[in-house]
Amino acid sequence: MRLVSGIKPTGGLTLGNYIGAIQQFVQLQDELKDAEFFIFIADLHAITTPIEKATLKKNIKDIAALYIACGLDPERVTLFVQSEIPEHNQLAYVMESTVYMGELERMTQFKDKRQKQTEGIRSSLFTYPALMAADILLYDADIVPVGEDQKQHLELTRDLATRFNNTYGDTFIVPKGYQPKTGAKIKSLSDPTKKMDKSSDNQKSYILMLDDLNQVKNKIKSAVTDSEAKIYYDVENKPGISNLLTIDAALLKTTIEDRVNHYKDMSYQDFKLSVADHVVSALKPIQEKYHALIKDPSLDAILDAGRDKAKMFAHRKIQKVYKKIGFQR
Ligand code: AMP
Ligand code: TRP
């Protein structure tokens, strides 16, 4: 069995990225002893919107260090940078020649982004799901752990794999998505009906994994809740409280019911302080490891080794795909 996933280095990683994605990668790595893992930094995806060179370079290294600081074991996981494997682009073109315009037009992430920005939308933002499908199908992934916002892209990947297989004969594994039971969509702290998103203008709406820990506490303390002063889980009517309960349950690896029982007679203030403590306890050791790793030259050696391994796999796969299509003499 093989698992494949990635994160794009568009900004600092958020608590949503941690709970929805990285924490799952680590848990699956520890549970599925026989599985192979390909986890990458989706840097090609980062230029679908404008980004400064220095920021991009820093973000790529940061994600690599954070992957390891969070517990991914480079001995178990092939860690690499997407742009170092040109086969991603090669297969992306094949996927662009498999997907229909109508399918891409239906992608909600594209529709949302297009609504916020009317001019200067890059064509790569539109074809993004074709590249993402290539990322997955290139490595014969069986399972793709992602947060809820990526479910639609994954469904499209499954459709594209099936369509290609029907046209050219069995080539791709049709992958399955995998979402965490708790925390597949962590919400904004300032507007808990929306996703926690690093591209928000309001810095208080998200927690970055590398935020100063006092700031983290303050952000949780000032999270928007409601005026009922009663703690229970109800996403519709109490989105703020429900989001904090979700964060707490996910970080403590327990259920939301367990957290509701624990907090039900507390004041909002004490509840928030406790959640803040749990977030700080989760982030503190990660930050310490990150600061040691980011200065360590072994990080580059890990990415070099990951690149070489991924490259071998990707090269073989693209040869097979080209042959099926009729490109090879
Ligand atoms: P991105 O930062 O968009 O590349 O997302 C990387 C991974 O983090 C994907 O699997 C997303 O689904 C996941 N993710 C991003 N934001 C959140 C969030 N607020 N809650 C849960 N998962 C998230
Ligand atoms: N599109 C994903 C996101 O924005 C990141 C990503 C790119 C990805 N390629 C992938 C995730 C392949 C899983 C598998 O979150």
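The values are calculated or read from the model by the stated rules, or taken from the named source; none is laboratory data. Everything quoted here is computed from the prediction, not taken from an experiment. Methodologically, a virtual Cβ is constructed for each residue, glycine included, from the backbone with ideal geometry; neighbour enumeration extends over all protein chains shown.
Might you check whether a residue that is under 19 Å from LEU252 (Cα atoms), over 23 Å from the mean Cα position of the chain (by Cα) and surrounded by fewer than 18 Cβ atoms within 10 Å (Cβ to Cβ) occurs anywhere in the range 205-213?
Checking the range 205-213: not a single residue is under 19 Å from LEU252 (Cα atoms), over 23 Å from the mean Cα position of the chain (by Cα) and surrounded by fewer than 18 Cβ atoms within 10 Å (Cβ to Cβ).
Output the number of the condition that ASP201 fails; it satisfies all remaining conditions of (1) at pLDDT 95 or above; (2) away from ligand 2 (no atom under 16 Å from the Cβ); (3) under 22 Å from the mean Cα position of the chain (by Cα).
Going through the list (1) at pLDDT 95 or above; (2) away from ligand 2 (no atom under 16 Å from the Cβ); (3) under 22 Å from the mean Cα position of the chain (by Cα), ASP201 breaks only (1).
On the basis of being under 21 Å from the mean Cα position of the chain (by Cα) and polar (S, T, N, Q), does ASN243 make the cut?
Taking the combined requirement at face value, the residue satisfies it.
Between a residue in the range 191-203 that is closer than 16 Å to GLY147 by Cα and any residue that is of a type in the set (A, V, I, L, M, F, W, C), which pairs come within a Cβ distance under 6 Å, given they are 6 or more apart or on different chains?
What qualifies is MET196/ILE186.
Test GLU103 against the stated conditions and say whether it is of a type outside the set (S, T, N, Q), touching a residue at least 12 places away in the same chain (Cβ under 8 Å) and touching a Lys or Arg at 6+ places or on another chain (Cβ under 8 Å).
So GLU103 does not fit the description; no.
Which of the following residues is under 23 Å from GLN82 (Cα atoms), more than 10 Å from ligand 1 (Cβ to nearest atom) and in contact with a His (Cβ under 7 Å, 6 or more places away or on another chain): LEU125, LEU156, LEU138?
LEU138
State all residues of the range 105-152 that are outside any loop (DSSP other than H, G, I, E, B), among the aliphatic types (A, V, I, L, M) and touching a helix residue (DSSP H, G or I) at 6+ places or on another chain (Cβ under 6 Å); if no residue qualifies, say none.
ALA130, LEU131, MET132, ALA133, ALA134, ILE136, LEU137, VAL144 - these are the residues of the range 105-152 that are outside any loop (DSSP other than H, G, I, E, B), among the aliphatic types (A, V, I, L, M) and touching a helix residue (DSSP H, G or I) at 6+ places or on another chain (Cβ under 6 Å).
Yes/no matrix, rows are residues, columns are (1) more than 20 Å from ARG2 (Cβ to Cβ); (2) surrounded by fewer than 22 Cβ atoms within 10 Å (Cβ to Cβ); (3) in contact (Cβ under 8 Å) with a residue 40 or more places away in the chain:
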position: ILE41; (1), (2), (3): no, no, yes
position: LEU56; (1), (2), (3): yes, yes, yes
position: ILE60; (1), (2), (3): yes, yes, yes
position: PHE80; (1), (2), (3): no, no, yes
position: MET107; (1), (2), (3): yes, yes, yes
position: LYS111; (1), (2), (3): yes, yes, no
position: SER124; (1), (2), (3): yes, yes, yes
position: ALA134; (1), (2), (3): no, no, yes
position: LEU137; (1), (2), (3): no, no, yes
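Which of the residues that make up the range 130-148 are under 23 Å from LYS185 (Cβ atoms), of a type in the set (Asp, Glu) and either near ligand 2 (Cβ under 7 Å from one of its atoms) or in contact with a Phe, Trp or Tyr (Cβ under 9 Å, 6 or more places away or on another chain) (or both)?
Matches in the range 130-148: ASP135 only.
Exactly one condition in (1) within 12 Å of ligand 2 (Cβ to nearest atom); (2) of a type outside the set (Val, Ile, Thr); (3) at pLDDT below 95 is false for PRO180; which is it?
Going through the list (1) within 12 Å of ligand 2 (Cβ to nearest atom); (2) of a type outside the set (Val, Ile, Thr); (3) at pLDDT below 95, PRO180 breaks only (1).
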